[in-house]
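K.L.:
The structure follows.
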Amino acid sequence: LAIENFKKGLELDKYNINCLKELGEIYEIINDNDNAIKCYKKIIKNESLNKNTNNTIIYLNQIGVCYFNNSNYEEALKYFKRILEFNRKLNDVYTNIAKSYFNLRQYKNAEINLLISLKLKDEPTVYSELGLVYFCLKNYDKSIEYYMKINNVLKNPVYAYKLSFPFLASKKFITGFKLYEYRLKTNDINTQTGLKERVDIPIIPFWNGLDKCDNLLLCYEQGMGDNFQYYRFVIQLSEVYPQMKITYFCKKTIAHIFKEYENINIITDIKALQEETILNLQS
């Protein structure tokens, strides 16, 4: 309804800034980036006549963001770079340019722009982006160095988790795996699936791998390929602890691929197990 009414407003005045701005933002919300771009380009055309530099910068950036969200990184770069013609001291612009270069796998160009951004403003996100760039360049020591420059990096589970990868890649496994476990401190929505990364099971405590455990529940996470790779370690675990009952919860679509063993049970319905656990705890 909002789109319909803003379009009616534009029929009366096709360059109405407020209508174009609101309509562009709505299109962005519903991920219709192509129509958002059309709105913002009309604003720029109008604002350029009025010589309003600030608005031109804002909508050049939004056009770049929309192209970026459409994975059209070449076009995104063109619009982010056009902003530099008006103002060369905006750190976010250099960060956006760097992210576009990164997705084009032009890591050196990404590094250059991130370092410029960092000179303009000290931002933890830029240190994180540099850590990722150096990781991709296989300069693991430098990757660790930049992640560690983030204040209280270990108090932020997202950054701590990212830090795990250069440690693991440089074969510093003890530190790497400790940091990798920081992923368990958050359970965000996966951008690809639209679902939570892991199933929440608050009634069952985590096993530290040392305490006596008779019944162990293992829950799938991440991609299907990772599940297949992981299961071989479940088999090894069952051999080390033959008296332990191991229950492996995985997606129904791939459950038939996993072979059950004497002390490994495969399940695809976690609700029934949760109800059984609650009853056992109550009794």
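The values are calculated or read from the model by the stated rules, or taken from the named source; none is laboratory data. Remember, it's a predicted structure, so these values are computed and weren't measured experimentally. When we count neighbours, we look across all protein chains shown, and the Cβ atoms used for this are built from the backbone with ideal geometry, even at glycine. Calculation scope for accessible area: heavy atoms of the full protein, side chains included, ligands and nucleic acids excluded. Shrake-Rupley method; radii C 1.70, N 1.55, O 1.52, S 1.80 Å.
K.L.:
Is there a pair in Lys178/Lys271; Lys89/Lys149; Lys149/Lys196; Lys99/Lys119; Lys196/Lys271 whose C-alpha atoms are over 21 Å apart, and which pairs would that be?
P.N.:
Listed pairs above 21 Å: Lys178/Lys271; Lys89/Lys149; Lys149/Lys196.
K.L.:
Okay, moving on. Can you give me the accessible area per residue for the chain, using a 1.4 Å probe, in Å²?
P.N.:
Result: 63 Å² of accessible area for each residue.
K.L.:
Through the Karplus equation 6.51 cos²θ - 1.76 cosθ + 1.60, θ set to phi - 60°, convert the phi angles of the range 241-246 into ³J(HN,Hα) values in whole Hz; use x for Gly and Pro.
P.N.:
Per residue, the Karplus-derived 3J(HN,Hα) values read 10, x, 8, 7, 8, 10 Hz.
K.L.:
Right, something else. For the chain, take the longest principal axis of its alpha carbons; what is the angle in degrees between that and the long axis of helix 124-136, to the nearest 10 within 0 to 90?
P.N.:
Roughly 70 degrees between the two axes.
K.L.:
From the square roots a ≥ b ≥ c of the eigenvalues of the alpha-carbon gyration tensor of the range 105-154, which class results: rounded (a/c under 1.5), prolate (a/b over b/c), or oblate?
P.N.:
oblate
K.L.:
Using each residue's phi in the range 77-92, evaluate 6.51 cos²θ - 1.76 cosθ + 1.60 at θ = phi - 60° and report the 3J(HN,Hα) Karplus result to the nearest Hz, with x for Gly and Pro.
P.N.:
Residue by residue, the range 77-92 yields 4, 4, 6, 5, 5, 5, 4, 5, 5, 9, 7, 9, 10, 9, 4, 5 Hz.
K.L.:
So, in Å, what gap is there between the alpha-carbon centers of the range 167-182 and the range 14-34?
P.N.:
The range 167-182 and the range 14-34 have Cα centres separated by 45 Å.
K.L.:
What trypsin sites (Lys or Arg not before Pro) in the range 27-97 are in a loop by DSSP, with at most 15 other Cβ atoms within 10 Å of the Cβ?
P.N.:
Passing both the DSSP loop test and the Cβ count: Lys51, Arg88, Lys89.
K.L.:
Continuing with this model, one more query. Take Asn103 and Asn187, extend 7 Å from each Cα along the Cα→Cβ direction, and tell me the distance between the two endpoints in nm.
P.N.:
3.0 nm
K.L.:
Check cross-link reach from Lys212 to the aspartates and glutamates: straight Cα distance under 17 Å, and skip same-chain residues fewer than eight apart.
P.N.:
The reachable aspartates and glutamates, counting only those whose Cα sits under 17 Å from Lys212, are Glu239.
K.L.:
If we count every other residue with Cβ under 12 angstrom of Arg232's Cβ, Lys/Arg +1 and Asp/Glu -1, where does the sum land?
P.N.:
-1
K.L.:
Sticking with this structure for a sec: Using a 1.4 Å probe over the heavy atoms of the protein chains, calculate the carbon and sulfur portion of the accessible area of the chain as a whole percent.
P.N.:
C and S atoms contribute 52 percent here.
K.L.:
For the range 1-143, build the charge dipole from Cβ charges (+1 Lys, Arg; -1 Asp, Glu) around the Cα centre, then report which of Ile97, Ile112, Val133 sits farthest towards its positive end.
P.N.:
Going by the Cα projections, it comes out as Ile112.
K.L.:
Still on this structure: May I ask you to list the aspartates and glutamates whose Cα is less than 20 Å away from that of Lys121, ignoring any residue fewer than eight positions away on the same chain?
P.N.:
Those aspartates and glutamates meeting the cut-off are Glu85, Asp92, Glu111, Glu129, Glu145.
K.L.:
Check which residues have an amide H placed less than 5 Å from Ile266's amide H, if you skip close sequence neighbours.
P.N.:
Close amide H contacts, sequence-distant or interchain: Tyr248.
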